[in-house]
1. Of all the residues that make up the range A:533-552, how many are over 21 Å from A:ALA503 (Cα atoms) and among the aliphatic types (A, V, I, L, M)?
2. If I go through the range A:193-248 residue by residue, how many of them are among the small types (Gly, Ala, Ser), without any contact (Cβ under 8 Å) to a residue 24 or more places away in the chain and within 27 Å of A:ILE441 (Cα to Cα)?
3. Give the range A:202-241 a look and list any residue that's charged (D, E, K, R) and surrounded by 17 or more Cβ atoms within 10 Å (Cβ to Cβ), or say none.
4. Given the conditions (1) outside any helix (DSSP H, G or I); (2) open to solvent by 40 Å² or more (accessible area, probe 1.4 Å); (3) under 23 Å from A:SER480 (Cα atoms), report the number of the one that B:PRO40 does not fulfil.
5. Return the residues of the range B:28-39 that are free of Cβ contacts under 8 Å to residues at least 24 places away in the same chain and facing chain A (nearest Cβ under 7 Å); say none if nothing qualifies.
6. Could you please let me know if A:GLU457 is away from every other protein chain (no Cβ under 11 Å), among the acidic types (Asp, Glu), farther than 30 Å from A:LEU563 by Cβ and out of contact with any Pro (no Cβ under 7 Å at 6 or more places or on another chain)?
Amino acid sequence: MLRLKRLEVEGFGPFAEPQVLEFPDAPGVTVVYGENMRGKTSLLNAIRYAFFGTVLGRGSRVRRLHTISNRDLASEGQFGFSVSLTFDYDGHEYELVRECKPTVKSPSNDEDYTQTAMLRRGTSTLGPQERERALQQIFPKEVSRFFLFDGELLQEYEELLINESEAGHRISEAIERILGVPILKRGRTHLTQLSEEADKHAAKEASKRQETQALGTALQQAAEQKEAHQKEVARLQQQLQELNAQRTEVEQFLQSVQKYASILHERDEASARLDQAAKDEKLCRGELQKAMGEAWRSLLREPVRAARNAAQDEAQKELNAFLMSLRAKAVEDGHCGTCDQAVDGPVLARLRASLPEEPDAVAAPTGGVSAAMSRLADLNKFTEADNVGEVRLLWKRLRDLELEQVTLRDRITDLNAALADSDPETLRRSKASYAEVLEKISVVKRAIDDEGKKGEEKDQNIQRLKKKLESFGTSDLRASQLRAKILRDASEVFGAAVDRYKAGLRSRVEATASKLFLSMTTEKQDYSGLTINEGYGLTIRHRDGRAEEARSAGAEHVVALALMGALQNNAPLRGPIVMDSPFGRLDESHTDNVIQTLPEMAEQVVLLVYEAEVGKAKMRDVLRSRLVREYQLERISARRTNVREVK
Amino acid sequence: MRTTDLQDLLKTVELLRTELHPDLDAGFLEAVVRAEEENPEDDAEAVRVIQVALKAALAAKGVV
């Protein structure tokens with residue numbers, strides 16, 4: 001069993017400085033949380049890179065190593081990256097280190113890099129050949145799809161339900177490989193090959209003897225004819241395989257073109273958004289400048305208000321004093337200078353009573369505008385305005401727009417790289433060649449059937465001749481015949497064993513997948529399980545016994561996860577499952593069920609998720625003690641991420 | 001591959017031997033399974049090992 005212990009990455013994707021993840025020994029789920037573009041897929045790819053030296057992008061296309069270096073470091077002239085992976089396998093601790101270093105100062109493509117690898121078992125470092133052999137045994141690349149996968153790869157399992165699908169055939173072969181079937185298949189092939197050679201030898205021996213010469217010669221000729229048919233079938237099968245590969249290539253290209261269309265659309269949208277963001281930024285800067293021109297008013301508002309109040313008080317006092325002085329003058333003169341009326345009797349008494357007792361307390365009336373009044377008039381000219389809130393909003397908007405532009409530029413760079421191979425003319429040609437390839441495939445298949453039938457006829461003739469020859473058996477001839485018979489019988493046993501073993505495996509995979517599926521689906525009351533086909537495709541079985549023909553993307557996803565878990569449970573090779581954002585197509589209930597089922601799928605599960613998919617609280621609540629560790633991918637900048645353990 | 005899984009394969013082969021050709025040498029068939037298990041990427045070596053096992057099986061039947 002393969003168990004991951006520690007992963008260290010440096011300069012890899014968004015991980016500029018060395019970042020370490022340690023995986024506990026206890027069985028369970030390690031969860032890595034991270035928002036989009038923080039590096040979840042890079043971690044999956046780091047493990048893939050450590051084992052196989054390759055990194056996959058969208059559509060499982062191999063990414064150029066030059067694009068893997070951390071962009072922040074690259075902008076400072078530092079290129080290259082390294083991944084160190086420590087793991088246990090069959091009682092030994094291994095450390096696998098793979099590095100990619102530039103051979104020139106400013107690398108621009110993969111040829112400008114050199115890669116080195118080191119595999120240590122215990123305290124011994126393995127040599128290159130031994131290392132590759134050990135890695136092939138520990139983790140064959142052909143079966144990596146069952147251990148390291150994302151939502152996109154899970155979608156491919158639908159192909160297993162399509163007859164004669166090249167992708168389905170490829171996946172079936174990988175499934176059989178992980179389940180150990182090739183040993184029996186190769187045994188059958190080698191025994192058949194040796195048996196045919198033995199037949200030819202026996203026929204040759206017979207042709208040397210007078211009494212069996214005619215039979216031996218006829219047998220030799222029949223064997224040669226059969227061999228010619230077999231060679232033709234093999235040639236045609238090879239041709240068919242090549243045509244199927246061509247078909248797959250064209251299909252993939254056509255699919256990728258569809259992807260190009262969507263990438264192109266996304267890039268155009270991002271470019272338009274970038275233009276708009278630049279315009280918005282300019283506008284925002286203008287508004288901010290204008291707002292800042294008025295912002296001094298906000299700063300002066302309170303001091304002006306205080307000065308205005310003070311001036312108001314002072315002017316009021318001056319007015320009161322002036323009125324008092326007019327009263328005093330009217331009392332003193334017995335005449336009011338303001339209204340030109342005589343002041344006497346009760347009016348004079350009332351005015352006198354309002355005056356202070358001390359005559360000096362009343363100043364003589366003065367003319368003109370006082371300083372306080374002038375100041376008040378000036379202060380009243382000040383227009384009050386408070387645009388602090390507006391300035392704050394504009395600053396925030398400006399920062400957001402700057403950040404958005406940085407993010408969009410990064411995205412556009414990625415999308416441009418993904419579009420590098422697109423070509424409309426190739427698309428047109430590919431569509432035409434696709435039709436041509438399909439026609440050729442059909443012709444070759446018919447030819448294979450014809451040749452197969454002819455070969456069978458020859459074989460029947462050979463069996464008839466052999467029986468006749470047996471009656472003439474001398475000791476030498478008997479030895480040759482016995483040799484051929486043993487090999488033939490053994491080949492038959494191996495052929496039957498392949499079918500029996502596969503049937504047993506299919507049955508076990510079906511049972512485990514059904515159990516996992518029922519644990520994950522929310523339709524437990526309606527479904528009774530899954531049914532497996534010859535190519536390991538799984539269909540949902542309703543309780544009424546019928547297959548569910550149409551199923552949703554979410555159901556497809558759950559079925560694929562059930563298959564993953566079933567293969568893990570039944571395969572000789574066992575290891576960790578590392579899943580990148582696998583819940584994209586699932587609703588909340590399915591997501592909960594899948595999380596709950598994860599520990600049953602494999603002893604060690606590493607889950608890379610963004611919190612909108614599943615939050616920490618939910619993860620802890622559902623997994624409880626089976627959640628063995630949590631990490632957070634923390635944004636330092638658009639091009640830098642750090643890994644932090646969540647305590 | 002683990003021994004336990006190899007045992008599974010051997011068990012299946014032995015079962016089919018008893019059903020189809022009980023006269024076949026069980027040791028020879030086991031040798032074929034082991035030859036393929038030990039040489040997954042080397043056809044020539046697997047065939048060579050099978051031929052050696054066949055020779056032993058024939059010798060056991062008195063055929064040289």
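The values are calculated or read from the model by the stated rules, or taken from the named source; none is laboratory data. Keep in mind it's a predicted model, so treat the numbers as computed, not measured. Here the Cβ positions follow ideal geometry from the backbone for every residue, glycine too, while neighbour counts run over all protein chains shown. Ligands, DNA and RNA are stripped out before the accessible areas are found, and what is left, the full protein with its side chains, is counted by its heavy atoms. Shrake-Rupley method; radii C 1.70, N 1.55, O 1.52, S 1.80 Å.
1. The qualifying residues number 1.
2. Number satisfying all stated conditions: 2.
3. First, pick out the residues of the range A:202-241 that are charged (D, E, K, R): A:204-205, A:208-209, A:211, A:224, A:226-227, A:231-232, A:235.
Within the range A:202-241, A:GLU205, A:LYS226, A:GLU232 qualify.
4. (3)
5. Answer for the range B:28-39, where residues must be free of Cβ contacts under 8 Å to residues at least 24 places away in the same chain and facing chain A (nearest Cβ under 7 Å): B:LEU29, B:VAL32, B:GLU36.
6. Working: away from every other protein chain (no Cβ under 11 Å): yes; among the acidic types (Asp, Glu): yes; farther than 30 Å from A:LEU563 by Cβ: yes; out of contact with any Pro (no Cβ under 7 Å at 6 or more places or on another chain): yes.
Considered against the rule, which asks whether it is away from every other protein chain (no Cβ under 11 Å), among the acidic types (Asp, Glu), farther than 30 Å from A:LEU563 by Cβ and out of contact with any Pro (no Cβ under 7 Å at 6 or more places or on another chain), A:GLU457 comes out as yes.
The rows are residues; the columns are (1) in a helix (DSSP H, G or I); (2) among the aliphatic types (A, V, I, L, M); (3) in contact with a helix residue (DSSP H, G or I) (Cβ under 8 Å, 6 or more places away or on another chain).
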residue	(1), (2), (3)
A:LEU153	yes, yes, yes
A:HIS169	yes, no, yes
A:ARG186	yes, no, yes
A:GLU197	yes, no, no
A:HIS201	yes, no, yes
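Matching residues to (1) surrounded by 16 or more Cβ atoms within 10 Å (Cβ to Cβ); (2) at pLDDT 85 or above:
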{"residue": "A:ASP313", "(1), (2)": "no, yes"}
{"residue": "A:ASP360", "(1), (2)": "no, no"}
{"residue": "A:GLY389", "(1), (2)": "no, yes"}
{"residue": "A:ARG411", "(1), (2)": "yes, yes"}
